[in-house]
Amino acid sequence: MTQAIASSTSSAAYAYGAAKPSPVTLQAQLQRYQQQLSDCVNCASADTPKGKSDIQAIAARIAEVQGRIAQESGSAATPAAATPSAPSATPSANIIDVYA
């Protein structure tokens, strides 16, 4: 797993009064993080301590972006209801059988 966890925006920039990200930007971030999470969960190093910490970090970023999306939309629904939950302790539980 050589893919770095990267954020395209800095939360510090928003703390100092910079413009808030648009809903489209937040959705794009969410999709990127979900793809990174999928890549990490399905890679060979997912069961290593580093792999597990990467998975947790990406899942935390996903939850953060989902919260920001919910806050921007004024939705009372929880962010977890919008997308699948964070990966379980066993990465194989998140594999989709495309041949079924």
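Couple of notes before you dig in:
- Residue check for D97: modelled with pLDDT under 90 and open to solvent by 60 Å² or more (accessible area, probe 1.4 Å): yes
- Some residue of the range 22-43 being touching a Cys at 6+ places or on another chain (Cβ under 7 Å), acidic (D, E) and at pLDDT 90 or above: no
- Considering (1) closer than 26 Å to G74 by Cβ; (2) at pLDDT below 80, the lone condition that A6 does not fulfil carries the number (1).
The values are calculated or read from the model by the stated rules, or taken from the named source; none is laboratory data. It should be emphasised that the depicted structure is a prediction, and the values quoted were computed from it without experimental measurement. Neighbour counts are summed over all protein chains in view; Cβ atoms, including those assigned to glycine, are modelled from backbone coordinates with ideal geometry. Quick note on the areas: whole protein, heavy atoms, side chains included, nothing else; ligands and nucleic acids left out. Shrake-Rupley method; radii C 1.70, N 1.55, O 1.52, S 1.80 Å.
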